[in-house]
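See below for the structure under consideration.
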Amino acid sequence: MGIDYYARLWNSEIDILKVVNTLCYDNGRRFVQQDRLHAIEDLLEDTPYRQRNKEGLFLLYMKKRHFSDLPKKVLLVSSHIDCKNKGQEHITKCFTEDSDPMKLRGTFDNSITNAALLVLMRKGLLPDNVLISFTGDEEEDSAGAYQTNRYLIKHERKYFALVLDVTSEGWQDAADFTIENMAVKKPLEKKIIKAAMRSDYIWRFVPKREGAYPDYLEDDVRLPGFSWPDESWDYAECDVDTMSFCLPVNTEGDFDMHSDMGVEAYKMSFHNYIEALRQMIVCLAKSI
């Protein structure tokens, strides 16, 4: 199939990325730059999803109107919406450039996984026991993740946390996704790995600690080194089973996920990541 076919296929997904790829800052207590919050609200207006919490550094969306309509254990998908806004490197403007036929370039930490999730939500492809938290403060102290945890405890729900983020791992292999920071009990770990293997996409596994690979994992999907911290570390600290499901991006040379220079992502990988994410969510929603 030619580039024109894939260009048509990608258009709606990239359009959603462009809409949601706007600035979002917080001060550790509240959102102070809310462009992305408004974009998410607009994109979900004509869907069954509604935000359930009234305050805090997170936006919790679910299809069911009441927690009483949900099982006692749910799947949480957590995707941070804050931009890096402190320190020597920070983001002052968001952009999405799609003129290259094969690659995207932009400030995609973490708008590109926000977009992937929104594509699936808008298409109604996620099970009813899946809750979505768009979190703030990930770039500093992960207050959004901790507040999400407290909110679910308040509503007497146990949960598995699937964390979405970008990663520099797997880019050289043109991987469509990586599994990182796995902190999961063995039976479920095997189901996750089997689901990844069945996906038919290019993927890689990055251990939480160097050398800590599942012994049944094939050598060709193992990446050396270890995973960098993200919200999965914070959910694990709350004694929650968790893992990261990441989209590889290019951070080499002048590219930088925490600056206005932005990063590169393969258009094909972005498209494949969305479908692989759907498959993983369905697997987890049935297994937890």
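The values are calculated or read from the model by the stated rules, or taken from the named source; none is laboratory data. As the structure is a prediction and not an experimental result, all values here were calculated from the model. Reconstructed Cβ throughout: ideal geometry from the backbone, glycine too, with neighbour counts over all protein chains shown. These accessible areas exclude ligands, DNA and RNA; they are computed on the full protein's heavy atoms, side chains included. Shrake-Rupley method; radii C 1.70, N 1.55, O 1.52, S 1.80 Å.
Among the residues making up the range 227-240, those that are open to solvent by 70 Å² or more (accessible area, probe 1.4 Å) and touching a strand residue (DSSP E or B) at 6+ places or on another chain (Cβ under 9 Å) are 228, 229, 233. Does any residue of the range 262-278 turn out to be in contact with a Cys (Cβ under 9 Å, 6 or more places away or on another chain) and on the phi > 0 side of the Ramachandran plot? So far as the range 262-278 goes, yes, one or more of its residues are in contact with a Cys (Cβ under 9 Å, 6 or more places away or on another chain) and on the phi > 0 side of the Ramachandran plot. Can you tell me which of 147, 172 is among the polar types (S, T, N, Q) and farther than 30 Å from residue 255 by Cβ? Residue meeting the stated conditions: 147. Please verify whether residue 152 is in contact (Cβ under 8 Å) with a residue 24 or more places away in the chain and under 18 Å from the mean Cα position of the chain (by Cα), treating the condition exactly as stated. Answer is no for this residue. With respect to (1) open to solvent by 10 Å² or more (accessible area, probe 1.4 Å); (2) not in a loop (DSSP other than H, G, I, E, B), the lone exception for residue 224 is condition (2). Identify all residues within the range 63-100 that are open to solvent by 60 Å² or more (accessible area, probe 1.4 Å), of a type in the set (Ser, Thr, Tyr) and closer than 26 Å to residue 281 by Cβ; write none if there are none. Of everything in the range 63-100, just one residue is open to solvent by 60 Å² or more (accessible area, probe 1.4 Å), of a type in the set (Ser, Thr, Tyr) and closer than 26 Å to residue 281 by Cβ, namely 68.
Considering 259, 244, the condition of being among the hydroxyl-bearing types (Ser, Thr, Tyr), in a loop (DSSP other than H, G, I, E, B) and in contact (Cβ under 8 Å) with a residue 40 or more places away in the chain is satisfied by 259 alone.
Only residues that are in a strand (DSSP E or B) and not β-branched (Val, Ile, Thr) were counted across the range 26-79, and they come to 15. If you go through the range 102-132 and pick out every residue that is over 24 Å from residue 152 (Cα atoms) and open to solvent by 70 Å² or more (accessible area, probe 1.4 Å), you end up with 3. Counting the residues of the range 185-211 that are open to solvent by less than 40 Å² (accessible area, probe 1.4 Å) and either free of Cβ contacts under 8 Å to residues at least 24 places away in the same chain or assigned to a helix (DSSP H, G or I) (or both) gives 6.
Just one residue in the set 140, 180, 169 is touching a Ser or Thr at 6+ places or on another chain (Cβ under 7 Å) and in a loop (DSSP other than H, G, I, E, B); that residue is 169. Is it true that some residue in the range 241-255 is under 24 Å from residue 131 (Cα atoms) and open to solvent by 10 Å² or more (accessible area, probe 1.4 Å)? Within the range 241-255 (the criterion being under 24 Å from residue 131 (Cα atoms) and open to solvent by 10 Å² or more (accessible area, probe 1.4 Å)), the answer is yes, since at least one residue qualifies.
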